[in-house]
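Shown next, in structure tokens, is the structure this report addresses.
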């Protein structure tokens with residue numbers, strides 16, 4: 001961009017590489033940082049540098065945990081139900097489910113979904129350790145909470161074929177109208193699902 | 001948040017402090033960074049650390065420039081019209097006007113607007129150096145390109161009272177309907193301005 005020193009360009013480019021941040025937002029963020037005291041940019045820079053060395057994956061559920069910890073907080077919490085396992089795609093999904101306050105079991109993070117187009121097969125996800133966890137025998141229900149997308153559905157179906165022989169109950173999150181939503185604005189597929197899954201009043 | 005190691009929380013908090021980034025986007029960005037190779041977070045961290053030491057303000061127009069440079073690229077460009085001066089609130093506004101390609105004069109960055117409520121008076125902005133530049137006598141037109149907001153208008157009026165005795169032409173950006181906009185969705189004030197400023201076809 002005309003009249004812009006290289007360090008500012010570099011910062012704009014670095015922001016642009018983040019998801020959901022376009023060129024305009026990136027410039028706005030960079031110029032905001034320029035106006036702020038050095039503390040602001042230093043805090044973000046230090047958090048960015050620490051993130052990789054200070055975190056690791058829980059060896060049981062593969063959620064993000066502090067480096068050097070034997071297991072994550074959720075796996076370590078003995079008050080949680082060991083018979084229910086919620087399988088999610090990404091660590092962020094654990095937070096989202098936790099925020100609802102409606103689940104008190106354990107988690108398993110797949111770190112992705114099956115995607116033949118992108119060449120992602122079962123061996124690229126944390127599916128084998130999931131099967132091992134279920135094989136241990138304590139788990140009675142596996143709630144497959146992958147996204148309601150084509151890949152999420154395919155992954156759920158694959159997990160069902162693998163888990164069914166083990167005799168556990170396998171469930172999937174309900175599809176239907178979002179709470180507070182409007183039938184008028186619901187897409188056709190959601191409405192079809194909501195009809196098919198209708199419940200007695 | 002439950003089950004989240006401190007470094008991840010720190011990164012989410014640091015992202016949340018940026019403008020326009022709420023808790024959800026901040027978590028999404030932090031987890032995106034976690035999934036990426038270390039290079040991504042390092043590039044952003046380094047750009048953030050470099051930004052303060054590697055940049056300074058142009059002593060003539062107060063636009064952002066590389067540290068140690070005598071003047072910014074625009075002030076150094078002898079092909080640009082020295083008789084026209086565009087006064088903007090922030091360095092980002094220089095980029096926005098430059099991107100239009102419709103202005104070939106010089107700039108002056110105020111670094112803010114007058115705001116009695118926030119205790120920002122003329123002495124807090126780069127107004128005195130602006131008056132000195134105009135007093136030198138080369139400038140024939142000052143285009144006041146502050147935002148079309150209450151503070152932007154007040155700043156423009158203040159500048160007019162200061163600049164009028166110097167005998168320069170003082171203009172302000174036109175108000176009216178945005179190009180590609182729809183009358184139906186225009187707010188009342190914009191429509192009033194568009195009516196008052198109507199032009200012969």
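Please treat every number below as a calculation from the coordinates, not as lab data. Since the structure is predicted, the reported quantities are computational estimates derived from the model, not experimental observations. We place every Cβ from the backbone using ideal geometry, glycine too, and count neighbours over all the protein chains shown.
Summary table
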item	result
Semi-axis lengths (Å, descending) of the ellipsoid that matches the C-alpha gyration tensor of the protein assembly as shown	55, 27, 17
Innermost chain A residue relative to the axis carrying A onto B, by Cβ distance in angstrom	A:45, 2
Number of partner chain Cβ atoms within 10 Å, mean per residue of B:52-64	3
Length-normalised contact order of the range A:56-172 in % [C-alpha pairs under 8 Å, at least 6 apart]	24 percent
0 to 90° range, to nearest 10: angle between helix B:23-35 axis and chain B longest Cα axis	60 degrees
Relative intensity, log₁₀ I(q)/I(0), of the range B:69-200 from a Debye sum that treats every alpha carbon as a point, q = 0.11 Å⁻¹	-0.44
Cβ neighbours within 10 Å from other chains - mean over A:86-96	3
Normalised contact order of chain A, rounded percent, pairs of Cα under 8 Å and 6 or more residues apart	12 percent
Nearest-ten-degree value, helix A:91-100 long axis tilted from longest Cα axis of chain A	70 degrees
Ratio Rg/Rh, restricted to the range B:1-154 and using Cα atoms, in which Rh is the Kirkwood radius	1.09
Of A:115, A:149, A:41, the one that fluctuates the most in a GNM where chain A has Cα springs shorter than 10 Å	A:41
Per-copy distances of the residue B:56 label point, shortest first, in nm (7 angstrom along Cα→Cβ)	4.7
Mean Cβ neighbour count within 10 Å, used as a protection proxy, ranking A:185-197, B:69-81 highest first	B:69-81, A:185-197
C-alpha long axis of helix A:6-16 to longest principal axis of chain A, angle in °	20 degrees
Cα-based Rg and Dmax for the range A:6-53, where Dmax is the largest Cα-Cα distance (Å)	11.1, 31
Of all DSSP beta bridges in the protein assembly as shown, antiparallel share, percent nearest 5	25 percent
Three-way shape label, the range B:136-201, alpha-carbon gyration tensor, a/c 1.5	prolate
